[in-house]
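Structure record follows, encoded as structure tokens.
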Amino acid sequence: FEPPRYAHLPLLHGPDGKKLSKRHGAASVQELRAAGYLPAAVRNYLALLGWGADDDTTIMSTAELIRRFRVEDVGKSAAIFDEKKLRWLNGRFMREMPLEEYVAAVARHLGREPDEQLRAAAAIAQEKAQTLAEVWPLVRFLFEPPVSDEKAWSKVMKEGSGEILAASATALEAVDPFEPEGIEAGLAPLLERFDLKPGRLYQPIRVAITGTAVSPGIFESLAVLGKERSLERIRAAAGRLAAPSS
């Protein structure tokens, strides 16, 4: 008979060195789940609080953590729980997931069916979102009309944006098939024509189709949104810019 062994784990502190509390962010696994963190990423991060592999490996599957963990390697000093680091680690896990697994996770988080529309949306958001909760704000424009973000509008829609958007719509109308590579090639001549840096061309288009200044890649966003809806939204934004101010 081998008696049970006990070990004291290090206390958890926030990045400011003080005892972990609500002011440091999510403080329970339920809150982390609601915020869109993956269970495997949370297990990985928690295992590294006060413990580490001999070769300083950071990203490990649960099976690898179980295999490599030794209670003798747990330190005695207080460990720092930093949600920013957890968010980074979660983003790595999300980007490395097979697409079908990623789509299923997004669907569960959103309470939606994992249909083809959601699959296409998730595919273009996978490289950008770091938590499941970040996916919907990135892809909402594919399911709903553009949001009304006046701050983004006023920041991006500068003088001349209406002409740029009108020219963009004309260029995009000629793109066939309406795929990312063709979209990029179709818009590229406008950079030279208007003597623009890429952001000055693509950000007005982004705000026109999404309502915000943040989205997945602009060419992929346009392609998934589709030619008809893309042109409709770009022309609507150009028309708003051309309308006289009241």
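Tabulated data
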{"read-out": "Single unsatisfied condition, residue 130 versus (1) under 20 Å from residue 44 (Cα atoms); (2) open to solvent by less than 40 Å² (accessible area, probe 1.4 Å); (3) over 14 Å from the mean Cα position of the chain (by Cα)", "value": "(3)"}
{"read-out": "Residue 168 vs. criteria among the hydroxyl-bearing types (Ser, Thr, Tyr) and modelled with pLDDT under 95", "value": "no"}
{"read-out": "Filter result (over 17 Å from residue 33 (Cα atoms) and open to solvent by 80 Å² or more (accessible area, probe 1.4 Å)) within the range 99-111", "value": "100"}
{"read-out": "Residues that are open to solvent by 60 Å² or more (accessible area, probe 1.4 Å), over 17 Å from residue 29 (Cα atoms) and touching a residue at least 24 places away in the same chain (Cβ under 8 Å), drawn from the range 69-87", "value": "76, 77"}
{"read-out": "Those residues of the range 179-218 which are of a type in the set (A, V, I, L, M, F, W, C), open to solvent by less than 30 Å² (accessible area, probe 1.4 Å) and closer than 22 Å to residue 128 by Cα, in sequence order", "value": "183, 201, 205, 207, 208, 209, 218"}
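The values are calculated or read from the model by the stated rules, or taken from the named source; none is laboratory data. Computed from a prediction, not measured in an experiment: that's the story for all the values here. Note that we place each Cβ from the backbone using ideal geometry, even for glycine, and neighbour counts take in every protein chain shown. Keep in mind that these areas ignore ligands, DNA and RNA; they rest on the heavy atoms of the full protein, side chains included. Shrake-Rupley method; radii C 1.70, N 1.55, O 1.52, S 1.80 Å.
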